[in-house]
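> Following this message is one structure expressed as structure tokens.
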Amino acid sequence: MQNRVLLIEDDDELRMLLARYLVTQGFTVREAANGQDGLALARSESCDIVVLDIMLPDINGLDVLRQLRVSAHLPVILLTAHGDETDRIVGFEVGADDYIAKPCNPRELVARLHALLRRIAWDQKAEPNDSRSYGDLRLEPDHRRVRQNGTPLDLTATEYEVLQVLLAHAGRVVRKTDLMQWALGRRLETYDRTLDMHISNLRKKLGNEEPPRIETVRGLGYSYRVVP
């Protein structure tokens, strides 16, 4: 993991401000001012993580994310308008890993980038073949992959992290505050629905069973129910 960031933002002043700050924090930054250029750079395998603005002049950022998810699983942090809950929900459904509201604090962006990259790098240190089974699921940390009945699940980087924590505590309740810290690397804030959206996406990808294998324990958190 080389801390290479692709910054897709059409606001020249903001993009240059963020890029300069990221460089001072040890990141290598590539920039794109529109969706088409951003997609080309993302597909060139020249970055480790993407910071993507939703409001772009040529292609909506959510459409950029949709196209990117067809061929790549790069972690993506969305830049969204302050208070725009709809864009965030759709972004998570499409495959975003996290979001930051604009105008964003560069220090917060760096913290989010480090948290996401650190979790990915930690998993890549797993011993080869250190896979574990949980009923019909098989966790393969060395590949950051989960298989269901032998078929790989199409998970984002953060969905993988959330599911990995729940599997490690299968049958027990994981508090939302702990799950947020362990899987996303940050504190749970009031009205932050990030974790809820990742759980919703995981339930869909696992088959939308009734009762759901990821159970909500009201007032506490979530519990994973192993399915044979």
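> How many residues are out of contact with any strand residue (DSSP E or B) (no Cβ under 7 Å at 6 or more places or on another chain) and not hydrophobic (A, V, I, L, M, F, W, C) if we restrict to segment 187-228?
So the answer is 21.
> Determine the pairs where a residue that is in contact (Cβ under 8 Å) with a residue 24 or more places away in the chain and under 21 Å from L117 (Cβ atoms), located within segment 151-170, has a partner that is part of a helix (DSSP H, G or I) and of a type in the set (S, T, Y) with Cβ atoms under 9 Å apart, the partner being 6 or more residues away or on another chain.
Final answer for the pair search is T158/T194.
Yes/no matrix, rows are residues, columns are (1) among the small types (G, A, S); (2) in contact (Cβ under 8 Å) with a residue 24 or more places away in the chain; (3) crowded, with 19+ Cβ neighbours inside 10 Å:
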| position | (1), (2), (3) |
| --- | --- |
| L56 | no, yes, yes |
| L65 | no, yes, yes |
| L68 | no, yes, yes |
| I77 | no, yes, yes |
| T86 | no, no, no |
| G91 | yes, yes, yes |
| Y99 | no, yes, yes |
| N105 | no, no, no |
| V110 | no, yes, no |
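> Taking the criterion of being of a type outside the set (V, I, T) and in a strand (DSSP E or B), would at least one residue in segment 202-220 satisfy it?
Let us first name the residues in segment 202-220 that are of a type outside the set (V, I, T), namely 202-213, 215, 218-220.
Restricting the remaining residues to those that are in a strand (DSSP E or B) gives 215.
Looking for residues that are of a type outside the set (V, I, T) and in a strand (DSSP E or B), one finds at least one in segment 202-220, hence yes.
> Out of N34, N105, I need the residue that is farther than 21 Å from L184 by Cβ and not aliphatic (A, V, I, L, M). Which one? Before you say what the answer is, go through the steps one by one.
Details: N105 fails: farther than 21 Å from L184 by Cβ.
Only one candidate qualifies: N34.
> Taking only pairs six or more apart or across chains, which ones have beta-carbon atoms under 7 Å, a first residue in segment 30-47 that is more than 20 Å from R20 (Cα to Cα) and outside any helix (DSSP H, G or I), and a second residue that is among the polar types (S, T, N, Q) and modelled with pLDDT of 90 or more?
Between residues of segment 30-47 that are more than 20 Å from R20 (Cα to Cα) and outside any helix (DSSP H, G or I) and residues that are among the polar types (S, T, N, Q) and modelled with pLDDT of 90 or more, there is no close pair.
> Kindly indicate the residue of segment 57-75 that is of a type in the set (A, V, I, L, M) and either outside any loop (DSSP other than H, G, I, E, B) or closer than 22 Å to V110 by Cα (or both) and also nearest to the chain's Cα centre (by Cα) among those meeting that condition.
Taking segment 57-75 as the starting set, the residues that turn out to be of a type in the set (A, V, I, L, M) are 59, 62, 64-65, 68, 70, 72, 74.
Those still in the list that are either outside any loop (DSSP other than H, G, I, E, B) or closer than 22 Å to V110 by Cα (or both) too: 62, 64-65, 68, 70, 74.
Details: L62: 14, V64: 15, L65: 12, L68: 13, V70: 15, L74: 9 Å.
Only one residue tops the list, namely L74.
The values are calculated or read from the model by the stated rules, or taken from the named source; none is laboratory data. In this text the structure is predicted, and so the values were computed from the model without any measurement. Here the Cβ is made from the backbone with ideal geometry for all residues, glycine too, and neighbour counts use every protein chain on show.
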